[in-house]
Structures are given as C-alpha cells and as structure tokens.
Amino acid sequence: MSGAAHEPVLLKECIDALAIRPDGIYVDGTLGRAGHSREIARRLTSGTLIGIDRDESAIEAAEESLKGFGCRVILVKSNFDALASVLDGLGIEAADGMLFDLGVSSPQLDEAERGFSYSSDAPLDMRMDRSEPLTAREIVNEWDGGRIKDVLFRYGEERWSARIASAIVRRREKKPIETTTELAEIIKSAMPASALREKQHPAKRSFQALRIAVNDELGSIERMLDTAPDRLSVGGRLCVISFHSLEDRLVKQAIRKRENGCTCPKDFPVCVCGFRQTLRQVGGAVTPGTEELERNPRSRSARLRTAERI
Ligand SMILES: C[S@@+](CC[C@H](N)C(=O)[O-])C[C@H]1O[C@@H](n2cnc3c(N)ncnc32)[C@H](O)[C@@H]1O
Ligand SMILES: [Zn+2]
C-alpha cells in the first residue's frame, strides 16, 4: 500500500447531510487526518469544531492541519463512546451535528509498525489507542482456541475460522506468534487451496476480525449510538459512515430503535410503553458514486446513514 494521504470518504455527501450552520457546534468523532474536519471547519465562523480520536498520533497530525481556521477547534483524545463525558468536560450541552467515519485510517494501515496490515512485517499490535493494554499478540497467544475461532467467525465472517484457530494454537505451543507475517503465514497454511485462489488476500478477514476484537470496535459503536444522539440539539444531524455489514447493522438498528421503538401491542390505540421518538432517518443509505469509487478504492464498502434529532 502506498503512503498516500487519507482521502476522506463520501466527503461532499457528509457535508451536505450535516447541513452546517456557521455558528454551530460540530463533533467529528473520528478525526483521523481531519479530512472531514477541515471541510467542517471551513464552513464555521463563530462555531466550534470538536475533534475526537482514540489515536494520539491522529490528534497530533490534526492539530497541524486544522491551524488557521477562524472557528474554535477543540481536539480530544478519547474513545467516541465517551462523547457525553467529553461534552460534559467542555461544558457543552448539545452539538448541532456529529460525524463518525468508522474503522481504521490509511495512515494507521500504512504505518507498518502499528501491525494492522498483513502486507508488511511488524509486531502483532493493532491498537488504535496505544495506551490500551490489549494487543493482537495477546489474543493470538493467550486466548482460548474456541474464543479465537469465535472472533474470526463473528467479526471476520471467516468460513475457515475453526481450522485457522487450531493452526494458531498448534503453532503457539511451539513458540509465541510475534509478527503479522508469521500470523498471515499460519492463516494461509490452514486454508484449503480453493480458498487461497480467491481474489481477496487469505488473511484479510482474519486481520479485520482481530482488529475489531483488539479495539472492541463494535462495543464502542454500540455504546456511542446508545448515548450520543441524546446530546444532539433538535434538528441536529447524526452521520455515520460504516465499512462492513456488522457496523452498518448496528447503525441501522440504533436509528430504527429511536425512530420507532414503541413496544406496545399493535392493537393498542395509544402508546403506553413510554417510547419517545428522538431520531428521524434522513434518506436511505448513501454509497459512493462511480467517480469516487475509481479515485479511492477504500470507499468501495462505505455507506453513509444520516438521522435527525427531533
Ligand atoms: C476512517 S478514519 C477517519 C478519517 C477521517 N474522517 C479523515 O477523513 O481524515 C477513523 C479514525 O477513527 C478513529 N477511531 C476508530 N474508532 C474509534 C473510537 N471508538 N473512538 C475514537 N476514535 C476512533 C481511528 O483511530 C481513526 O483515526
Ligand atoms: Zn408504545
């Protein structure tokens, strides 16, 4: 993979969906290299941009690239699942828009030593937040084989999860598995020849699965979706870009639950379950157009969903 800058995905679509007011307060919960944030900042005058990322190096890089805008810029290293406490800490009651561009960034993938990529040799790390204790190395060398199989199957939808998990356990009995290349080799050795002929790299699904587990990605998304929309002002937009069906399902369900989560029996004349609608879905899922797909292959699986606080 090249060291190309991270190209923001569905940029125009996000900016349109956020319907930015120049004096508003906007949260970018996945700052990365500030690709989306710069376009938000450009549209703010007296407004505020709050950029959050759990990766310290994203915050450092964004500090540089967000210099010189007229608006107030506040950058916070945090998991986005703690957005409510971040806002509390800043004395901000509600934001006028929130964007979450899920997953890893190109710089994270490109920095070999982060261990996200099977195509360069590095220690098995995969942490977005390097102050967290859990690494891919620990999962691969210390977790029970059954639990590893579950991770590969659930988060990678890997058909050969059982064979791969057994191969990992057999290998680590001889010596610890230390690097991305070693792991990719073990994964390959466990797969049948037919699977190795697929277009995708044989380790792709397993690496995705481990990354999701190391960073508790789905848990973070669920906790964020559970709490963040309550901190939107009325009319404020929530925009989420997901990159695989597991993420998209969480987003879709969370919006639906807040749009129509009434649990009363169908024949009840009025709602008595206490449900109060807090979100309204705006349009359907938006995917990149042909031009973006050609320019940026990373956009291939991207889906943007937007909801409005009511
Ligand atoms: C796809 S990149 C965002 C790229 C950014 N929109 C841009 O255009 O430059 C995702 C970023 O979100 C961060 N991230 C992922 N999950 C997070 C979480 N739960 N809390 C905070 N940041 C997270 C990652 O560290 C990464 O920098
Ligand atoms: Zn009800």
Answer yes or no: is there a residue in segment 46-63 that is without any contact (Cβ under 8 Å) to a residue 60 or more places away in the chain, in contact with a Phe, Trp or Tyr (Cβ under 8 Å, 6 or more places away or on another chain) and surrounded by fewer than 23 Cβ atoms within 10 Å (Cβ to Cβ).
yes
Given the conditions (1) touching a residue at least 60 places away in the same chain (Cβ under 8 Å); (2) surrounded by fewer than 17 Cβ atoms within 10 Å (Cβ to Cβ), every one holds for E294 apart from (1)
### Task
Return yes or no: is I20 within 20 Å of the chain's Cα centre (by Cα), assigned by TED's automatic domain parsing to the domain that holds E222 and buried (at least 16 other Cβ atoms within 10 Å of the Cβ)?
no
Heads up, the helices (runs of 4 or more DSSP H) in segment 148-231 (entirely inside) with at least 1 residues that are farther than 25 Å from F243 by Cα and over 24 Å from the mean Cα position of the chain (by Cα) are 161-174, 180-190, 193-196
Residues of segment 253-310 being away from ligand 1 (no atom under 16 Å from the Cβ), part of a strand (DSSP E or B) and of a type in the set (A, V, I, L, M), in sequence order, are L279, A307
In segment 133-146, residues that are in contact (Cβ under 8 Å) with a residue 24 or more places away in the chain, part of a loop (DSSP other than H, G, I, E, B) and not aliphatic (A, V, I, L, M) total 1
Subset of segment 78-97, residues under 25 Å from R130 (Cβ atoms), surrounded by fewer than 18 Cβ atoms within 10 Å (Cβ to Cβ) and in contact (Cβ under 8 Å) with a residue 24 or more places away in the chain, comes to S78, A84, L90
Filtering segment 218-232 down to residues that are away from ligand 1 (no atom under 16 Å from the Cβ) and either β-branched (V, I, T) or surrounded by fewer than 14 Cβ atoms within 10 Å (Cβ to Cβ) (or both) yields D230
Item checked: Meets criteria (under 23 Å from I92 (Cα atoms), surrounded by fewer than 19 Cβ atoms within 10 Å (Cβ to Cβ) and away from ligand 1 (no atom under 15 Å from the Cβ)) for G235 -> yes
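The values are calculated or read from the model by the stated rules, or taken from the named source; none is laboratory data. In this text, all values refer to a predicted model and were calculated from it rather than measured experimentally. Every residue, glycine among them, receives a Cβ derived from its backbone with ideal geometry; neighbour counts consider all protein chains shown.
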